[in-house]
């Protein structure tokens, strides 16, 4: 079962702030992880910002699952994403 990534407005704004190399790396990784999102995902302890996260280098992708959709809520550096 393939999942479709959907980006929220805040995730889209987060992506716009990143440099080109980082954008490409995150995009490629999201496409790969979309095939089976739960395998590499960690469940967040505090679900206020989202349910799951992926680690992509020093960046984190916070997301929720809704049926066969991955709703990407935030993308940011590991230092700032949880604040």
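Each reported figure results from applying straightforward, stated rules to the coordinates on display, with no laboratory input. Note that the coordinates shown come from a computational prediction; the quantities given were computed from them, not determined experimentally. Glycine gets a Cβ as well: all are built from the backbone with ideal geometry, and neighbour counts include every protein chain shown.
The table below lists the values:
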quantity: Beta bridges per DSSP with both ends in the stretch 4-77, % antiparallel, nearest 5; calculated: 80
quantity: Taking 19, 64, 14 and counting other C-beta atoms within 10 Å, the order from fewest to most; calculated: 19, 64, 14
quantity: Pairwise FRET efficiency - residue 19 versus residue 82, Cβ, R0 = 22 Å, nearest 0.05; calculated: 0.55
quantity: Estimated distance in nm for a label pair at residue 44 and residue 2, the labels positioned 7 Å out from Cα along Cα-to-Cβ; calculated: 2.8
